[in-house]
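Each remark here refers to the structure printed beneath this line.
The values are calculated or read from the model by the stated rules, or taken from the named source; none is laboratory data. None of the values given here were measured: they were computed from a predicted structure. Just so you know, the surface numbers come from the protein's heavy atoms only, side chains and all, with ligands and any DNA or RNA stripped out. Shrake-Rupley method; radii C 1.70, N 1.55, O 1.52, S 1.80 Å.
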Amino acid sequence: MRLAFPLLVAILIVGCGSNKTDPTPAVNNPDGQPQPKQSVPPPASAENPEYMAWAFFPVGTSITVEFGPGPGSDTKQTLVEKTAEGLVLDESITVRGPASFAGPSGKRTVPKVKPASVQTPEFEPGVKPSKVSAEGSETVTIDGKKYLCTWYEIPGVGNLSRRVWFSKDIPGGIANNVMQAQVDAVGTKRRSAHFKTTKIEIGTGK
């Protein structure tokens with residue numbers, strides 16, 4: 001009977017000594033060996049609204065976007081390539097003034113899909129923003145042609161707000177993007193800056 005107590009202690013130690021055992025049941029291969037654990041799948045990808053706003057226009061299509069007020073600048077975006085993974089935009093900036101001059105330029109890739117982990121910007125082409133204080137529809141004229149747009153007003157910090165006009169018929173999807181500041185108690189707003197599409201040229205490529 002002297003061995004009974006040590007034997008009982010040994011059984012308890014063997015049975016309860018490890019807290020690191022994986023509770024996931026093992027799945028065996030046909031040969032009896034355990035299969036490796038399945039890796040966690042990467043986050044799902046999401047459709048890229050900027051890609052969709054350009055994808056249905058042919059290569060060679062371009063827009064010119066004016067930044068103001070003041071001398072400001074003009075940014076020209078041209079669709080130069082489409083691939084299975086996305087598309088490529090050539091972007092060039094002209095700074096206006098008494099003596100206009102060329103600003104930064106270069107090519108930018110717009111992926112067809114974006115990882116779901118990428119933070120969503122304040123607004124995207126064709127997508128209703130998460131925070132909206134007002135919305136409506138309006139016809140906007142660009143380079144002599146009329147486009148029916150949906151607009152959203154997005155509240156900002158303090159007395160600032162932004163109004164954006166979207167249209168799927170415009171390359172890039174955005175007709176106008178105006179930042180405004182409330183200047184008095186009755187809600188009068190003054191335009192503080194804008195990005196306005198002023199020219200559209202449809203390409204002849206595929």
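Before moving on, here are some points about what is shown:
- Rounded to the nearest 10 Å², the accessible area of residue 124 at probe 1.4 Å: 30
- Using alpha carbons only: equivalent-ellipsoid semi-axes of region 89-199, gyration tensor based, whole Å: 24, 21, 17
- The accessible area of residue 90, taken with all protein chains in place and a 1.4 Å probe, comes to roughly 50 Å².
- Amide hydrogen proximity for residue 87: with H placed 1.01 Å from N in the peptide plane, the residues at 5 or more positions away or on another chain lying under 5 Å are 110, 112.
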